[in-house]
Amino acid sequence: MSGQENGDQEKADPAPRPARVQPFGPMRRAALLLAFMLFAGVVLFSLQAGEIADVAEHFAQTRLAWVLAGAGAQIFAFLSLALLWKSALQRLGSDGGVADLFLLSLGKLFADQAVPSVGVSGGFFIVHAFARRGAPERVGLAVFAFSAAAMIVMFILSVIASFIFVTMSGAGPEFLTLESASLALLAIAALSVMLTFGVLRIPFIRRRLQANPTARRLTGVLRFTIESLTQDKALFLKSVVLQSGGRLFDAATLWTCFLAIEQSVDPQVAFAAVSIAALAATIAPTPMGLGSFEGGMVAALTSLGAPIEAALTATIIYRGLSLWLPLGIGFLVVNRELLILRPKKAKAGSP
């Protein structure tokens with residue numbers, strides 16, 4: 001082949017380039033601004049209700065050893081998700097190293113928070129990451145379905161448990177009303193999903209879906225995912241246990257945050273506060289749960305007897321360990337997974 005022909009071939013088949021990262025659009029910037037304003041409102045309200053000097057004193061006397069213990073608890077929280085993925089991958093004929101899956105769990109956190117979509121953006125990320133490691137697309141989707149379904153079950157159970165605990169502890173009626181409304185919202189969402197699956201089983205709709213290649217492929221993947229969930233009940237139960245373990249480690253992180261500022265709360269109070277804060281962030285889905293999560297946690301802790309200054313300080317430390325530090329590492333993981341160039345194809349006639 002002549003040099004001119006080689007040059008023409010290179011022009012016709014250029015090496016792929018990574019997609020440019022687009023800047024935040026106006027809606028995204030507005031949402032972030034609203035989230036930061038909500039977070040600032042929570043901080044200012046807490047400082048107004050408490051004593052600024054006490055908050056400053058709590059930060060000044062923070063004990064690094066307990067902060068590191070909280071970071072260790074967060075490592076185990078992310079490790080629980082990595083172990084869940086490893087079990088599901090092995091059961092479906094693939095595999096992955098625990099350390100690598102642990103880093104992917106941090107990347108999923110960044111993907112979920114960078115593009116708030118109730119976990120869908122993180123799901124696309126891990127399916128892409130599993131595919132890069134040789135797992136078929138439907139296997140990646142099934143693994144995501146196992147973790148997502150187990151997370152929903154754990155979320156509902158933890159909210160119910162916190163609801164019972166708050167009721168027995170005698171918190172204010174407005175707090176109980178919030179939790180009751182949230183449980184009703186979760187029930188409506190579950191019924192909507194069941195109704196959607198029921199509609200897909202109608203013969204006329206099934207025939208129309210089968211006539212479209214894209215819809216046929218998606219329904220095939222969905223069928224494989226549902227069959228995986230229903231046929232392997234032991235794996236699903238193990239997934240729920242691992243997701244619940246992650247929530248317990250989250251509670252342990254908050255518990256150590258109080259010990260770091262020389263305060264203390266009961267472990268069950270920490271568990272209820274983390275569950276209620278996650279519920280508040282779900283109801284008011286601001287970017288990264290900013291403001292809504294902190295407000296829910298401070299409200300839960302103070303209603304359960306924690307001083308507001310200690311509640312605010314421990315919440316800020318907790319968010320640093322559970323969100324901001326993992327988010328930075330997750331950003332690097334996502335860039336590693338999404339911005340790697342494919343290897344160039346060998347030229348014709350090359351050795």
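Descriptive notes on the structure:
- Selection status of residue 256, over 15 Å from the mean Cα position of the chain (by Cα), under 23 Å from residue 169 (Cβ atoms) and in a helix (DSSP H, G or I): yes
- Residue match in segment 50-71 (condition: modelled with pLDDT under 55 and surrounded by 13 or more Cβ atoms within 10 Å (Cβ to Cβ)): yes
- Meets criteria (touching a Leu at 6+ places or on another chain (Cβ under 6 Å), among the small types (Gly, Ala, Ser), part of a helix (DSSP H, G or I) and under 24 Å from residue 248 (Cβ atoms)) for residue 70: yes
- Residue in segment 269-279 that is more than 24 Å from residue 54 (Cα to Cα), assigned to a helix (DSSP H, G or I) and not aliphatic (A, V, I, L, M) present: yes
- Among residues of segment 262-310, those that are buried (at least 23 other Cβ atoms within 10 Å of the Cβ), β-branched (Val, Ile, Thr) and modelled with pLDDT under 90, counted: 2
- The set of residues from segment 157-170 being free of Cβ contacts under 8 Å to residues at least 60 places away in the same chain and in contact with a helix residue (DSSP H, G or I) (Cβ under 6 Å, 6 or more places away or on another chain) comprises just one member, 163.
- Test result for residue 111, touching a Leu at 6+ places or on another chain (Cβ under 7 Å) and in a helix (DSSP H, G or I): no
The values are calculated or read from the model by the stated rules, or taken from the named source; none is laboratory data. Here the structure is a predicted model, which is why all the values come from computation and not from measurement. Don't worry about glycine lacking a Cβ; one is built from the backbone with ideal geometry, like all the others, and counts go over all protein chains shown.
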